[in-house]
1. For region 81-102, which positions are of a type in the set (Ser, Thr, Tyr) and assigned to a strand (DSSP E or B)?
2. Checking the structure you have, find out if any residue of region 36-49 is at pLDDT below 90 and outside any loop (DSSP other than H, G, I, E, B).
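The values are calculated or read from the model by the stated rules, or taken from the named source; none is laboratory data. Since the structure is predicted, the reported quantities are computational estimates derived from the model, not experimental observations.
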Amino acid sequence: MPSPRPLVRLAPIASQFTRRNPKILLGGSHQPTLLRYLDGWPRRQHGPHAFLIQFIDTHDSLERFTNDQFDLAVVQAPDAEHAESVIRHLTRIARQGLITRC
């Protein structure tokens, strides 16, 4: 029996938010660099809103977050040993995600 394939959702960064105040997870040790990834991320067209940003450390586990808890997650690239787990949880917890080397 073939091994199950991980679920990967590809969505353009410009896709519409489902929440008035988008929830964003930034994971890594250099928060100013992570915040720069939000520059140019689209905002809702109607009415006031604010990003709800949660920071986590590079070594914090993504397991504790629920499915689709965030509209966007930006995390630092994990080491090879943890890459599979990070990618699996990233695609589960965020509608859009980005893995970066910052």
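1. Of everything in region 81-102, just one residue is of a type in the set (Ser, Thr, Tyr) and assigned to a strand (DSSP E or B), namely THR100.
2. Within region 36-49 (the criterion being at pLDDT below 90 and outside any loop (DSSP other than H, G, I, E, B)), the answer is yes, since at least one residue qualifies.
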